[in-house]
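Student: Quick one: the structure is below, and I'll ask about it shortly.
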Amino acid sequence: MDNHAAPLVEMRDISIAFGGIRAVDGASIDLYPGEVVALLGHNGAGKSTLIKILSGAYKRDAGTILVNGEEASIANPRDAKKYGIETIYQTLALADNVDAAANLFLGREIMTPFGTLDDAAMEAKAREVMGRLNPRFQRFKEPVVKLSGGQRQSVAIARAILFDARILIMDEPTAALGPQETAQVSELVMQLKKEGIGIFLISHDIHDVFDLADRVCVMKNGRVVGTARTSDVTQDEVLGMIILGKCPPGAVPGPGAMTLAA
Ligand SMILES: Nc1ncnc2c1ncn2[C@@H]1O[C@H](COP(=O)(O)OP(=O)(O)O)[C@@H](O)[C@H]1O
Ligand SMILES: [Mg+2]
């Protein structure tokens, strides 16, 4: 890790409550260029809520967000995109009945000087971006509903990075995929890493993400239990963080770390 590079994102002391429930309570997390940080924890731990604050879907009650070392004002998803933050939700939100290029440019189509759709330009750009991500992808003429889960995922990612996303959030990306497609998503993530994109990978299942992640951050009951480089902790230790809130020696404890009775 290059210690001189500013983090792409730093979320500091973020809190949000729904009614009386502190869904996220004083959570801090950061992400560096080309890094994959897995955000782990049981269902209800606050992972999606924390990340929805970063993507502008929820408004935080407290805390600070910095992008490239400068305070960012993110009040809605459009603000987040302006800062190069893109989110891929489990549902992918693709338009099923049109092809990959149409999905990539949905709502931001390239026009000719005559005011008509520039299909050739959009297909060329789609082929370039998809070629970078998934060189084997050839099904440019088919509606995306006909594609495999892994191929659909690559279309969703291509759409996210098309307009220079630097920070990608993937919420439970492999939850609905088989082993082969999960492997394909891993390849996509490795490719994005090479391009210097930082990725938050959210999962309730450590086995899905441990090998891909440079660091893990574990949440429990809205609070960060701890953060660790995957090379400094074992999967069993991370399970102990998730289940018991127990922070191993190789991890930096957060406010949610269980404190041992003296
Ligand atoms: N829009 C909402 N309204 C009320 N409660 C919510 C809302 N979103 C999340 N929560 C609550 O916040 C907590 C954290 O949820 P969530 O962030 O979805 O957890 P995770 O993604 O880790 O499974 C849960 O108790 C959940 O019920
Ligand atoms: Mg969630």
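Student: Taking the options ALA213, ALA261, name whichever one is small (Gly, Ala, Ser) and at pLDDT below 95. Let's see the steps before the verdict.
Tutor: On the way: ALA213 fails: at pLDDT below 95.
Only one candidate passes the filter, namely ALA261.
Student: Could you please give the count of residues in region 58-96 that are crowded, with 16+ Cβ neighbours inside 10 Å, within 16 Å of ligand 1 (Cβ to nearest atom) and modelled with pLDDT of 95 or more? Before the answer, list the steps.
Tutor: Taking region 58-96 as the starting set, the residues that turn out to be crowded, with 16+ Cβ neighbours inside 10 Å are 58, 60, 63, 65-68, 72, 74, 80-81, 83-89, 92, 94.
If we keep only those that are within 16 Å of ligand 1 (Cβ to nearest atom) as well, we get 58, 60, 63, 87-89.
The next check asks that each one be modelled with pLDDT of 95 or more; those that pass are 58, 60, 63.
Residues meeting the conditions: 3.
Student: Can you find even one residue in region 186-203 that is in contact (Cβ under 8 Å) with a residue 40 or more places away in the chain, buried (at least 17 other Cβ atoms within 10 Å of the Cβ) and in a loop (DSSP other than H, G, I, E, B)?
Tutor: yes
The rows are residues; the columns are (1) part of a helix (DSSP H, G or I); (2) among the acidic types (Asp, Glu); (3) in contact with a strand residue (DSSP E or B) (Cβ under 8 Å, 6 or more places away or on another chain).
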site	(1), (2), (3)
ALA102	yes, no, no
GLY115	no, no, no
GLY131	yes, no, no
GLN138	no, no, no
SER154	yes, no, no
ASP164	no, yes, no
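Student: Inspect all residues belonging to region 37-48 and state whether any of them is in contact with an Asp or Glu (Cβ under 9 Å, 6 or more places away or on another chain), within 16 Å of ligand 1 (Cβ to nearest atom), among the β-branched types (Val, Ile, Thr) and in the same structural domain as LEU201 (by TED's automatic domain parsing).
Tutor: yes
Student: For region 173-185, how many residues meet the condition of being assigned to a loop (DSSP other than H, G, I, E, B), surrounded by fewer than 22 Cβ atoms within 10 Å (Cβ to Cβ) and without any contact (Cβ under 8 Å) to a residue 40 or more places away in the chain?
Tutor: Start the filter on region 173-185 by keeping residues that are assigned to a loop (DSSP other than H, G, I, E, B), which leaves 173-178.
From what is left, the residues that are surrounded by fewer than 22 Cβ atoms within 10 Å (Cβ to Cβ) are 175-178.
From the residues that got through so far, the ones that are without any contact (Cβ under 8 Å) to a residue 40 or more places away in the chain too are 177-178.
The number of residues fulfilling the criteria is 2.
Student: Being among the charged types (D, E, K, R), in a strand (DSSP E or B) and over 17 Å from the mean Cα position of the chain (by Cα) is the filter here; which residues of region 205-262 pass it? Before you say what the answer is, go through the steps one by one.
Tutor: First, pick out the residues of region 205-262 that are among the charged types (D, E, K, R): 205, 208, 211, 214-215, 220, 223, 229, 232, 236-237, 246.
Right, trim to in a strand (DSSP E or B) and you get 215, 220, 223, 229.
Scanning region 205-262 gives LYS220, ARG223, ARG229.
Student: Another question about this same structure. Any residue in region 39-56 that's polar (S, T, N, Q): show its pairings with residues that are near ligand 2 (Cβ under 9 Å from one of its atoms) at Cβ separation under 6 Å, as long as the two are six or more apart or on different chains.
Tutor: ASN43/HIS204; SER48/ASP171
Student: While we're here: Looking at region 144-153, can you tell me whether even one residue there is touching a residue at least 12 places away in the same chain (Cβ under 8 Å), closer than 23 Å to VAL9 by Cα and in contact with a Pro (Cβ under 8 Å, 6 or more places away or on another chain)?
Tutor: No, every residue in region 144-153 fails to be touching a residue at least 12 places away in the same chain (Cβ under 8 Å), closer than 23 Å to VAL9 by Cα and in contact with a Pro (Cβ under 8 Å, 6 or more places away or on another chain).
Student: Mind checking which residues of region 228-246 are closer than 27 Å to GLY20 by Cα and of a type outside the set (D, E, K, R)?
Tutor: Here is the first cut: in region 228-246, the ones closer than 27 Å to GLY20 by Cα are 241-246.
Of everything in region 228-246, those that are closer than 27 Å to GLY20 by Cα and of a type outside the set (D, E, K, R) turn out to be MET241, ILE242, ILE243, LEU244, GLY245.
The values are calculated or read from the model by the stated rules, or taken from the named source; none is laboratory data. As the structure is a prediction and not an experimental result, all values here were calculated from the model. Positions of Cβ are backbone-derived with ideal geometry, glycine not excepted, and every protein chain shown enters the neighbour counts.
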